[in-house]
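What follows is one structure encoded as structure tokens, with my remarks underneath.
We did not get these values from a lab; they are worked out from the coordinates using the rules stated. These numbers were taken from a predicted model, which means no experiment stands behind them. When we count neighbours, we look across all protein chains shown, and the Cβ atoms used for this are built from the backbone with ideal geometry, even at glycine.
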Amino acid sequence: MPSVFIKTYGCQMNERDSEQVARDLQDRGHTLVSHERDADVILLNTCSVREMAEKKAIGKMGMLRKLRREKPKLVLGYMGCMAQRLGENLQKDSPHVDLVVGTQKFHRVADYVEEALRKREEALHLEDTADLGSAIQPHIPIVDVYPEEGSQNTIRDHLPEKKKEATSFISIMQGCNMHCTFCIVPTTRGPERGRPIEGIVTEARTLVGRGIREVTLLGQIVNLYGRHEFPKVDGKSPFVQLLEALHEVEGLDRIRFTSPHPMGFRKDLVECFGRLPKLMEHVHLPLQSGSDRILKAMHRPYTADAYRKLVADLRTSRPGIAVSTDIIVGFPGETEEDYQATRDLAAEMEFDGAFIFRYSKRGDTPAAEMDGQLPEEVKEDRNQDLLSVVNASASLHLEACVGTRQEVLCEGPSRNDPARLSGRTRTNKIVIFEGGSRFHGQIFDVAITSASASTLYGDPAIHESDPFPA
Ligand code: SF4
């Protein structure tokens, strides 16, 4: 059977979607390969959040054209957000592409791959047998970027059997209705659509049966899950109901979620951190800006003070909770004063980590048309300055772990140093330590002995009598 290579750009949702496609292809007998040179089919799962991500994917597809010359049967495809956004227009930049499959059609990719393989075979056969005139066929890719009702329910039960993993993503919803003025997601992923709780819990049970101990729930605005489809029960939102249902799953030890919206943190969810011990002590809480004026222009319906209060409430509900964030610098019209408000709030919040983005125009978004677009140098200066603020607080949080014991779930060999093991604390900090395969998938305490700028180092062999408080 043909072999497939999938390259993923962008976020964890994309990683999760690629896993789904990989699983579907494996179920049909295709093999997955880790080098594009070995593949009969190459799929790029694309991202549209930043212009650079789109350029990278288009550039990559351009390079793959050379490989096609060596392997004329090679099938090349785009899927995901950029495929959704640009659809047939992608033919302009990538006239050799065979497949363009949008975000509501991941479950159809395996069918389309097989169809594209057949089409390439036929085209080559024609070239071999027909006279020159009829052999010049226009190249017509398979394009499917149409919405499909219920497509969110086609995402399930993805774990490739052979992988020995301890953690897994579960996609619980698709799309977003918030329409932040800088964001392309509502266009690429469509409106919010949640999966029913029962299906998600069944998937979690299946994953636990395969050795998974931690799940991360994924959605564009994950904590507003199900708000249009499912009713509140006893004042609890559908997302809180889902967390409670997952908390009951035996053998599941850890629950995380990303990415939430501050607006989805009502009292019922904040309280969950105080009463659901399987919910890990980490929340990724996108701030985007510390200036109320810019938040308004971004169409983010909260203020800096509301954000401040939310973080305080979360820290009261679960003392020691780690908080990370996303911030955009250089949004159109951002003055020095606006930026200082962001900088001050970031310093005050003492984040455990942050993704800082320089604003970049995305077509089809209101912010792209706004006055006051800033020069790249200003964005870059603010980016570097804010990074230094966030790195300082992140380092302090890491250093505070040195000399303590941290509960760690071992995820396997370290990516940078496969001779050692890697795991995560409950607060989502990476820990590297020595050990053998018996540690894989286990939860145990590690005595933290040192910290670098982004990582903890420790020793699981240090025993209770050693001077490491829990
Ligand atoms: S809430 Fe998130 S996904 Fe939705 S529009 Fe805003 S930034 Fe984009």
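Pairs of alpha carbons in segment 277-331 separated by more than 19 Å make up 33% of all such pairs.
Rg ratio for segment 3-144: its Cα radius of gyration over 2.2 N^0.38 Å, N being its residue count, equals 1.01. Using every pair of separate Cα atoms, the Kirkwood estimate puts the hydrodynamic radius of segment 288-377 at 14.0 angstrom.
All Cα-Cα distances of segment 151-280, cut into 5 Å bins from zero to the largest, leave 2, 11, 21, 23, 20, 13, 7, 2, 0 percent in each bin in turn. Scanning residues 5 or more positions from residue 282 or on other chains, those with amide H under 5 Å from its amide H are 322, with H placed 1.01 Å from N in the peptide plane. Dividing the alpha-carbon radius of gyration of segment 317-470 by the rule-of-thumb value 2.2 N^0.38 Å gives 1.32. Measuring from each cysteine beta-carbon in the chain, the ones with no other cysteine beta-carbon under 4.7 angstrom are 11, 47, 81, 176, 272, 401, 410.
A simple charge model with +1 on the Cβ of Lys and Arg, -1 on the Cβ of Asp and Glu and nothing else charged puts the dipole of segment 402-459 at about 140 debye relative to its Cα centre.
The fraction of all Cα pairs in segment 40-93 landing in successive 10 Å bins from 0 to the largest distance is 24, 56, 19, 1, given as whole percents.
Computed about its Cα centre, the charge dipole of the chain is approximately 400 debye, with only Lys, Arg, Asp and Glu carrying charge at their Cβ.
Would you please classify the overall shape of segment 402-459 from the alpha carbon gyration tensor, given that a ≥ b ≥ c denote the square roots of the eigenvalues, rounded means a/c under 1.5, and beyond that prolate means a/b larger than b/c while oblate covers the rest? It is oblate, given that a/c is not under 1.5 and a/b is not larger than b/c.
What list do you get for 18, 48, 388, 450 if you sort them by fewest beta carbons within 10 Å?
388, 450, 18, 48
The amide H of residue 450, built 1.01 Å from its N in the peptide plane, has 457 as neighbours under 5 Å, considering only residues 5 or more places off or on other chains.
Relative protection proxy for 362-373, 96-107, 262-273, 70-81, from highest mean packing down: 96-107, 70-81, 262-273, 362-373 (other beta-carbon atoms within 10 angstrom). Karplus-based coupling profile of segment 259-269, in residue order and whole Hz: 9, x, 10, x, 5, x, 8, 7, 4, 4, 6, with θ = phi - 60° in 6.51 cos²θ - 1.76 cosθ + 1.60 and x standing for Gly or Pro. Across the chain, Cα pairs under 8 Å and at least six residues apart give a relative contact order of 10 percent.
Out of all Cα-Cα pairs in the chain, roughly what percent, to the nearest whole number, are more than 33 Å apart?
Roughly 43 percent, once rounded to a whole number.
Tell me, what is the percent relative contact order of segment 402-459, built from C-alpha pairs under 8 Å that lie six or more residues apart? Answer for segment 402-459 is 38 percent.
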